[in-house]
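Following: one structure in structure tokens, then a few remarks.
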Amino acid sequence: MTEKVTIIGSGPAGFTAAIYAARANLEPLILEGFQAGGIPGGQLMTTTEVENYPGFPDGGISGPDLMQKFRAQALEFGTRSFQEDVTEVDLSSGPFKVKTTEREVETHSVIISTGATARRLHVPGEETLWNRGMSACAVCDGALPIFRDKELVVIGGGDSAVEEATFLTKFASKVYMIHRRDELRASKIMQERALSNDKIEIVWDSALVDAEGEDLVTGARISNVKTGEESTLSCGGIFYAIGHDPNTGFLSGQLDTDEQGYLVVNPGRTDTSVDGVFACGDVVDKIYRQAITAAGTGCAAALDAERWLAEKGLE
């Protein structure tokens, strides 16, 4: 049987696309993933409290609980699901072919929602302290009580690092930016923003070598890259702002991407460079990277796929 629509990837974008496609009687198949690019459910599966997703006024909801609700709603409306990694796709002509570790699927349309993976440094303490004072999203986690009125550390020197550091100054007593070079990589206007902020201090020529603490982060162990001298900054949180990698390797270059590897869609739409293939969520979005914006584009992708199928007489 040829599927009407196959969704590759889960998370807020994929599950929202599944909900909308299922309610449109498209009987969607979602291939949630298993290990590639992270566990099924996306980056929220490694997030503790989510306080900025609408609808949860009483202290928010944990990331895994939120994703479980998304998934349950998609399945309730008739979505079929396999937690398998997609290893290969053939988008050269329709019906498209999608291979996983367990099966091969033919499908008239594809929605890609494989997200992006935050880069980490994999310092020793990261294994036990991730989500216990370590994060890769200040906007997601910075307002949590454990970070308020604490000295915090941001790793990075680009525009994203400055944005994260500036955001954290709303809650922190002080923010240290740890950067390997003696000048920021950020744009001039962003550099000026960091250098003029009294609550931001830049630690030049330095790299994080470990996170210290038992139950929560209590310090950042850093090394001067020129002298090798190590020291510890007392802090209540460490935030990585060293970039993300979009999860597109399985596509083997069959869709147009930008210079950073993010899928390119037509402005204001979700259609990609291949007719019948749509993309949504963080595999497209390198600016906002929020659950709510991912869910919105997942809705749009399902609607775009539904209209495309109707135009082709494939509903």
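Every number in this text was worked out from the coordinates using simple rules, so none of it is lab data. Just so you know, these numbers come straight off a predicted model, no measurement behind them. Methodologically, a virtual Cβ is constructed for each residue, glycine included, from the backbone with ideal geometry; neighbour enumeration extends over all protein chains shown.
Below is a table of values for the structure above.
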{"quantity": "Amide N proximity, the range 50-78 versus Asn25 label position 7 Å along Cα-to-Cβ, cut-off under 20 Å", "calculated": "74-78"}
{"quantity": "Where labels lie 7 Å past Cα in the beta-carbon direction, separation of Gln254 and Arg120 in nm", "calculated": "3.0"}
{"quantity": "Rounded tilt (10° steps) of 291-311 against the dominant C-alpha axis of the chain", "calculated": "20"}
{"quantity": "Where no second cysteine Cβ lies under 4.7 Å, the cysteines concerned in the chain", "calculated": "Cys235, Cys280, Cys299"}
{"quantity": "Extension gain, Arg148 back to Glu88 (0.36 nm per residue minus Cα-Cα distance, nm)", "calculated": "17.1 nm"}
{"quantity": "Nearest-0.05 FRET efficiency for Arg80 and Tyr288, computed from C-beta distance (R0 35 Å)", "calculated": "0.70"}
{"quantity": "The chain, dipole about Cα centre (Lys/Arg Cβ +1, Asp/Glu Cβ -1), debye to the nearest 20", "calculated": "360"}
{"quantity": "Linear extension gain, Thr2 paired with Ser173, 0.36 nm per residue minus alpha-carbon span", "calculated": "55.8 nm"}
{"quantity": "Estimated [θ] at 222 nm from DSSP helical runs (n ≥ 4, -39500 (n - 2.57)) normalised by residues in the chain, nearest 500", "calculated": "-7000 deg cm²/dmol"}
{"quantity": "Beta bridge orientation in the chain: antiparallel %, DSSP, nearest 5", "calculated": "45"}
{"quantity": "Extension gain, Gln73 back to Val264 (0.36 nm per residue minus Cα-Cα distance, nm)", "calculated": "65.9 nm"}
{"quantity": "Signed unit charges on C-beta, dipole axis of the range 164-315, positive-most listed residue Trp204, Ile238, Val274", "calculated": "Trp204"}
{"quantity": "Residue-by-residue Karplus 3J(HN,Hα) for the range 167-184, coefficients 6.51, -1.76, 1.60, Hz, glycine and proline x", "calculated": "4, 5, 5, 5, 10, 7, 7, 6, 10, 9, 9, 9, 9, 5, 9, 9, 8, 6"}
{"quantity": "Spatially near lysine pairs across the range 120-240, Cα under 23 Å, sequence gap of 8 or more or different chains", "calculated": "8"}
